[in-house]
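For reference, the structure discussed in these notes is given below.
The values are calculated or read from the model by the stated rules, or taken from the named source; none is laboratory data. All values reported here derive from a predicted model rather than from experimental measurement. Here the Cβ is made from the backbone with ideal geometry for all residues, glycine too, and neighbour counts use every protein chain on show. These accessible areas exclude ligands, DNA and RNA; they are computed on the full protein's heavy atoms, side chains included. Shrake-Rupley method; radii C 1.70, N 1.55, O 1.52, S 1.80 Å.
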Amino acid sequence: MAKPSRISLAEMARQSGSMLRRGDSAHFDQGLPPTLAELTESLFFSPGDGRIWMNDQRMLLWHSSAMGHLRRELIDTLGLDRARGLLTRAGYVAGARDAQLVRERWPEGDAAAVFMAGTRLHSLEGAVKVTPLSFDFDIDRGTYEGEFLWEHSSEDDEHISAYGLGTEPACWSQIGYATGYVTSLFGQLVVFREVECRSMGASVCRVVGRHAAAWSDVSEDLRYLQARDFRSLAETSPASATVVPAVVQPVAPDGGDRHEIVGASSAFNSACHQLARVARSQATVLFTGESGVGKEAFARRLHRISARADKPFLAVNCAAIPETLIESELFGVERGAYTGASSSRPGRFERADGGTLFLDEIGTLSLVSQGKLLRALQESEIERVGGTRTLRVDVRVVAATNVDLQAEVRAGRFREDLFYRLNVFPIHLPPLRERRDDIPLLMNHFLRRESLRHGRQLTGFTPRAVRAMLHYAFPGNIRELQNLIERGLISAEDGAPIDVAHMFRREQLSEETLLAIGAQGTLSAKPQASPGTLLETLRQQLGPSQPLSLPALEHQLLQETVAACKGNLAAAARQLGLTRAQLAYRLERAAAPGRRKPRGSPKGDAG
Ligand code: ZN
């Protein structure tokens, strides 16, 4: 029988039920993959060519003392607070990367085992020895609570040798690591906090992780996850004292700032650093990057942290205004300048006086408008359309483009002198696929914001929805991510998580992505079709003519689960809610003489 793309029965059961969607330390089976031994096998030394690999990620073997030296220099140069932020965010990236490794290498893994793999990798990488005291999570309900002991923290060793004991915890990058790992797997912000630390005189460090919403005072922790080199500006510019922090904050009742910028990845940090550097100057800034990467949000942020913060910010999308109107829109118009100009009115330049004017899609301006814009930039002077007076304006122009302006110059469609005038300080904003570490943060951010806006109460995302998001290419970048989450939020039920089919249409996902998230053949084109009942799914898979033979289905489920657990009967039994002996008995019974051949799966299907 020719059936398109089947998934394993075990996977189906998982999607339909809640077998693996929660876990706790009391029932955790140490033998489930990935074990410490299996994780250790992901580490490859390739000394001949100067590389070390952890699965497919390049690693470094570095002296703890060198890290300690760097840490000390960061603290001395930037101050304790900013150094802590930098190291926390670097740790976050490492944790998010390790979560990616585990997700890709063990896509079928038991949820608790996958969470525990983070503690094992953290130990394996030489940061700390982790001993779980307790953990308990439920992905459907969106809860996570965990408590761990950290021994031999290398960061504490370095901190204590440089500064002695103090009153604050010092395992900053390790806290970032734990937050990055669990957040990335969970798809919601889980914040770790060090409640006791060796650097404070404790014999071991003790850390607690909780869903961000479950901490009553999380803003202090979030401060360190934020790409806020804006602090340096707070010292020099009083206007920036009110800067809204960059990352996920408890959202204001109105849904918060529509233009918040969110991220912790190195690509995002680098753009934020450039932004902070140029904000204090008066230089023209040119944002480049694909559609939807957040150019306007960055421009607004630039304005808010500049000395012009209390003056107007105006945004103009040059492509959205007809060619015939753009000049009067930008520079204003005098009465009678043309038919229909019945009264004089100021343009955007005049209205932005003292403040910032954001010109999006600058590449679409006509050559005539480009000439006038150049004059406004060079002379700080404009003339209204039909006017004779020259008006002085003090406007900082921030432009953005998603086309290659240099190519436009070569093609004769963009003035070279204007290009150089605009390109004084270019900031490239990376597409989302180049800052994947930020995807969980963005998912959490938009889920919270849109939930408030729509008055909805969802519990987060299913693991495969998180996997799909992390795999997806996002041609429309952050705007698309936001739209997907809004669509998911509207399609999903309150009290339940958002699943893949709530966000994506079947044709949006490549076969490769479907395979990677284990949802091949299960996403129908109907947006609401997501989990369905197990019976419906089985009917779809088997076709209407096939009988549903319970013994055959049971045997198939047992075999697939054993295969998925790589033959580990104890692990398979735990997944099936059986004892090992019960499982062995059932397997034997099915294989007893007189057995029918169970309806097997096609080759390569199980496990
Ligand atoms: Zn510590």
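Please find, among Gly543, Gly495, the residue that is modelled with pLDDT of 80 or more, on the phi > 0 side of the Ramachandran plot and surrounded by fewer than 20 Cβ atoms within 10 Å (Cβ to Cβ).
Result of the check over Gly543, Gly495: Gly495.
In the list Arg448, Arg456, Arg436, Arg464, which residue meets the criterion of being out of contact with any strand residue (DSSP E or B) (no Cβ under 8 Å at 6 or more places or on another chain) and at pLDDT 85 or above?
Arg456
Does at least one position in the range 562-584 carry a residue that is exposed (fewer than 12 other Cβ atoms within 10 Å of the Cβ), modelled with pLDDT under 80 and hydrophobic (A, V, I, L, M, F, W, C)?
Among the residues of the range 562-584, not one is exposed (fewer than 12 other Cβ atoms within 10 Å of the Cβ), modelled with pLDDT under 80 and hydrophobic (A, V, I, L, M, F, W, C), which makes the answer no.
Checking the condition modelled with pLDDT of 90 or more and among the acidic types (Asp, Glu), which residue from Glu196, Glu220 passes?
Of the residues listed, the single one that is modelled with pLDDT of 90 or more and among the acidic types (Asp, Glu) is Glu196.
Which one is farthest from Asp417 (Cα to Cα) among residues in the range 356-395 that are in contact (Cβ under 8 Å) with a residue 60 or more places away in the chain and open to solvent by 10 Å² or more (accessible area, probe 1.4 Å)?
Taking the candidates together, the pick is Asp360.
If you check Leu558, Leu523, Leu514, which single one turns out to be modelled with pLDDT of 70 or more and either open to solvent by 70 Å² or more (accessible area, probe 1.4 Å) or in contact with a helix residue (DSSP H, G or I) (Cβ under 8 Å, 6 or more places away or on another chain) (or both)?
Criteria check complete, one pass: Leu558.
Return yes or no: is Ala271 part of a helix (DSSP H, G or I), among the small types (Gly, Ala, Ser) and modelled with pLDDT of 90 or more?
No: the conditions fail for Ala271.
Cβ-Cβ below 6 Å, separation at least six or inter-chain, first residue in the range 197-210 and closer than 17 Å to Gly146 by Cα, second within 11 Å of the ligand (Cβ to nearest atom) and among the hydroxyl-bearing types (Ser, Thr, Tyr): which pairs?
Cys205/Ser153
Considering only residues that are open to solvent by less than 40 Å² (accessible area, probe 1.4 Å), farther than 25 Å from Asn483 by Cβ and not basic (Lys, Arg), which ones fall in the range 303-333?
Across the range 303-333, the qualifying residues are His303, Ile305, Ser306, Ala309, Leu314, Ile326, Ser328, Leu330, Phe331, Gly332, Val333.
Restricting to the range 270-281, name every residue that is open to solvent by less than 20 Å² (accessible area, probe 1.4 Å) and under 19 Å from Leu442 (Cα atoms).
The answer is Ala271, Cys272.
For the range 124-231, please list each of the strands (runs of 3 or more DSSP E) lying entirely inside it that holds at least 1 residues being away from the ligand (no atom under 16 Å from the Cβ) and open to solvent by 50 Å² or more (accessible area, probe 1.4 Å).
129-138, 143-151, 205-211
May I ask you to list the residues in the range 20-75 that are surrounded by 10 or more Cβ atoms within 10 Å (Cβ to Cβ), of a type in the set (D, E, K, R) and assigned to a helix (DSSP H, G or I)?
Passing the criteria: Glu38, Glu41, Arg71, Arg72, Glu73.
Checking the structure you have, find out if any residue of the range 110-117 is surrounded by 13 or more Cβ atoms within 10 Å (Cβ to Cβ), in a strand (DSSP E or B) and either modelled with pLDDT of 90 or more or outside the structural domain of Ala162 (by TED's automatic domain parsing) (or both).
no
Which condition number does Gln100 fail, the rest of (1) open to solvent by less than 50 Å² (accessible area, probe 1.4 Å); (2) closer than 25 Å to Val190 by Cα being met?
Unmet condition: (1).
Applying the selection to the range 397-422, what residues are in contact with a Leu (Cβ under 7 Å, 6 or more places away or on another chain) and surrounded by fewer than 16 Cβ atoms within 10 Å (Cβ to Cβ)?
Passing the criteria: only Asp417.
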